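Chemist: Just dropping this structure here.
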Amino acid sequence: MISAGLAVARDGREVAVMSQAEIVEALLDFIGRPSATEAEFEALALRLFAHQFAHNAPYRRFAQQRGRTPLTVRRWRDIPAVPIKAFKDLTLSCCPPDEAERVFMTSGTTGSGRGRSYHPTLAVYDRSMLAGFAARIMRGRQTIRMGILFPDEAALPHSSLAHYLALAKDHFGTEDSAVFVGPGGLALDALLTFLAEAEAAGEPLALLGATYAFVPVMDALAERGRRFALPAGSFLFDTGGFKGQSREIEPDAFYDGLSAAFGVPRSECLNMYGMTELSTQFYDDGNAVCPPVKSGPHWIRSRVVDPLTGQDLPEGETGVLVHHDLAHFNSVSAILTEDAGVIAPGGFRLLGRVEGAASRGCSVAVAEFLAAAQG
C-alpha cells in the first residue's frame, strides 16, 4: 500500500501527498457527486499530481525536466501530459506492477509494443464506467436485452474493452443477454436468431461491440438480402475503430449501413471513445451528424493543444487532444493522445488520427518524454 507524506517547498509551503487508500476514497466520493465544482476538480487533480509525482519515477523525471512539480503547478491545465506511446516503452505505475489487481493492455495493432495500464484496484475504474454508462447510454432505463460483439474476459483478460462490456452486460443487461464472439469467431446464425426474436417480440435490444465487429454482420446481411427492423428503444453501440480487423468505412457510410441493416435511426447509433490508457470514457448523443460532439463526465477534462508546445489552441482550431482523467489515478492522469480534435460547445469533435505536422509533433513529444523519463 502506498503511504501518504508531504512535499516541502523552500518557502516552507507544504503539499500533501495522499495515500492510495485516501485517493480511492476521494475519487469514489467525487465520482458520486455530479454537482462537484470546477474548483473541486482542480484541487483533486493537483493532489493526484502530487501522488503520481511522488510514486511514479519516470513521470517525476519528465515533470522535473519541464519544471513542473507539485510545488510549482497551481492549475490542472499545467500538469504535464504524457504522450500515449510512452505506455509501450515504460512502466508508468505508482504501485509495484506485481501488486496490481488487473493489467489492461493495448491491442498492439498500431505498433510493435503493447501499452500497459496497471490498476491496484478496479473499484475506481468500475465506478467510473458504471456511472458514465448509466447516465449517457441507459438514460434512466434500468436494463435492456444486450448482444455483445466482442470476446468475453475469459478470452481476453487483459482487454479493457472486454471488461467494460462485461460490466455493461452484468449491470445493465437482462438475463437473456448474450455474447456472440467466442473462440470460433462470430456466431452469426445465433446472432441472427437473437435479433429476429427481439424483432418479433417487439422488445428493445442493444447491440454493443467493437466498431470492426459490426462490418461482417452488415456484410452477411447484405449477402443474404436481409434487414431487421429492431423495436423502438433499441440502440447500437460501437467503439474502437477498425484497427485493421475489417475493411475501413467512412463514418457517414458506416452509420448509414448500420441504420439500414438494423432499422435503428442514426440518432440511436452511439459511439464510445475510450482507450486503455484512461479509466473514463467519452460518449456522443448519436451519429445523425458526423462527427458528433463527444463529452465525458465531471471527473475528466479535455484540451486541444499544439503537441510541440503543449499550449491550448482556441476553440474551433484543430489540434491534438489531451485528456485529464482523475479516475486514472495509479499511472498518470494527463494523456497526450494521437487523436486530432477541435473543442466545440459541450465537448469536442473527434477528427481521427493526427497527420502531417501534428503527427511529427507527437513523435517529437514522445522522444522528449522518453529522453527525460529514462534519464
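Values quoted throughout were computed directly from the atomic coordinates according to the rules given, and no laboratory measurement underlies them. In this text the structure is predicted, and so the values were computed from the model without any measurement. For neighbour counting, all protein chains shown are included, and Cβ atoms are generated from backbone atoms with ideal geometry for every residue, glycine included.
Chemist: Hand me the GluC sites (Glu not before Pro) from the range 175-276 located in a DSSP loop with no more than 16 other Cβ atoms within 10 Å, in residue order please.
Modeler: Glu175, Glu248
Chemist: Nearest 10 degrees, 0 to 90: what angle lies between the long axis of helix 188-201 and the longest principal axis of the chain (Cα atoms)?
Modeler: 70 degrees
Chemist: With each run of n ≥ 4 DSSP H residues scored as -39500 (n - 2.57), what mean residue ellipticity at 222 nm is computed for the chain after dividing by its residue count and rounding to the nearest 500 deg cm²/dmol?
Modeler: Value at 222 nm, helices only: -10500 deg cm²/dmol.
Chemist: Which is farthest toward the positive dipole end of the chain among Gly113, Val366, Leu156, measuring Cα position about the Cα centre, with Cβ charges +1 (Lys, Arg) and -1 (Asp, Glu)?
Modeler: Among Gly113, Val366, Leu156, the one farthest towards the positive end of the dipole of the chain is Val366.
Chemist: Ok, one more. Need the full-extension length gain, Ser19 to Arg33, defined as separation in residues times 0.36 nm minus the C-alpha distance. One decimal, nm.
Modeler: Length difference between fully extended and current span is 2.9 nm.
Chemist: What is the list of residues in the range 148-166 whose amide nitrogen lies under 16 Å from a point 7 angstrom out from the Cα of Ala201, following Cα to Cβ?
Modeler: 148
Chemist: Another question about this same structure. Just to be sure I understand: with springs between alpha-carbon atoms less than 10 Å apart, which residue in Pro183, Pro292, Pro157 has the highest mean-square fluctuation in the Gaussian network model of the chain?
Modeler: With Cα springs under 10 Å in the chain, the top fluctuation among Pro183, Pro292, Pro157 is at Pro183.
Chemist: With only Lys, Arg, Asp and Glu charged, each at its Cβ (+1 for the first two, -1 for the last two), find how big the charge dipole of the chain is about the Cα centre; round to the nearest 20 debye.
Modeler: With only Lys, Arg, Asp and Glu charged at Cβ, the dipole is about 840 debye.
Chemist: When the chain is fully extended, how far beyond the present Cα-Cα distance does Ser267 get from Leu351, taking 0.36 nm per residue of separation?
Modeler: Stretched fully, the Ser267-Leu351 segment lengthens by 28.4 nm.
Chemist: Loop only per DSSP, at most 11 neighbouring Cβ atoms within 10 Å: give me the GluC sites (Glu not before Pro) in the range 287-375, ordered by residue number.
Modeler: Glu315, Glu317, Glu355
Chemist: For the range 173-268, how big is Rg over Rh, using alpha carbon atoms and the Kirkwood form of Rh?
Modeler: Radius of gyration over Kirkwood radius for the range 173-268 works out to 0.93.
Chemist: Pick out, in residue order, every one of the trypsin sites (Lys or Arg not before Pro) in the range 202-232 that is DSSP loop and has at most 14 other C-beta atoms within 10 Å; say none if there are none.
Modeler: Passing sites in the range 202-232 are Arg226, Arg227.
Chemist: Right, another one. If I fit a long axis through the Cα atoms of helix 20-31 and take the longest principal axis of the Cα atoms of the chain, what angle between them do I get, 0 to 90°, rounded to 10?
Modeler: Once rounded, the angle reads 50 degrees.
Chemist: While we're looking at this one, here's another question. Treating the angle as unsigned and between 0 and 90°, give the value, to the nearest 10°, between the Cα long axis of helix 356-374 and the longest Cα principal axis of the chain.
Modeler: 50 degrees
Chemist: Given the C-alpha atoms of the chain, compute the convex hull and give its volume per residue in Å³.
Modeler: 140 Å³
Chemist: Specify, per residue and in Å³, the volume enclosed by the convex hull of the alpha carbon atoms belonging to the range 204-335.
Modeler: 131 Å³
Chemist: Taking 30 Å as R0, compute the FRET efficiency from the Cβ-Cβ separation of Glu101 and Arg61 and round it to 0.05.
Modeler: 0.65
Chemist: Cross-link partners among aspartates and glutamates for Lys169, C-alpha distance below 14 Å, same-chain residues fewer than 8 apart left out?
Modeler: Asp126, Asp152, Glu153
Chemist: Give me the extension gain from Arg114 to Arg224: residue separation times 0.36 nm, minus the current Cα-Cα distance, reported in nm with one decimal.
Modeler: Roughly 35.8 nm would be gained on extension.
Chemist: What Rg and what Dmax come out for the range 45-85 when only alpha-carbon atoms are used, in angstroms?
Modeler: Computed over the Cα atoms of the range 45-85, radius of gyration and Dmax are 9.3, 27 Å.
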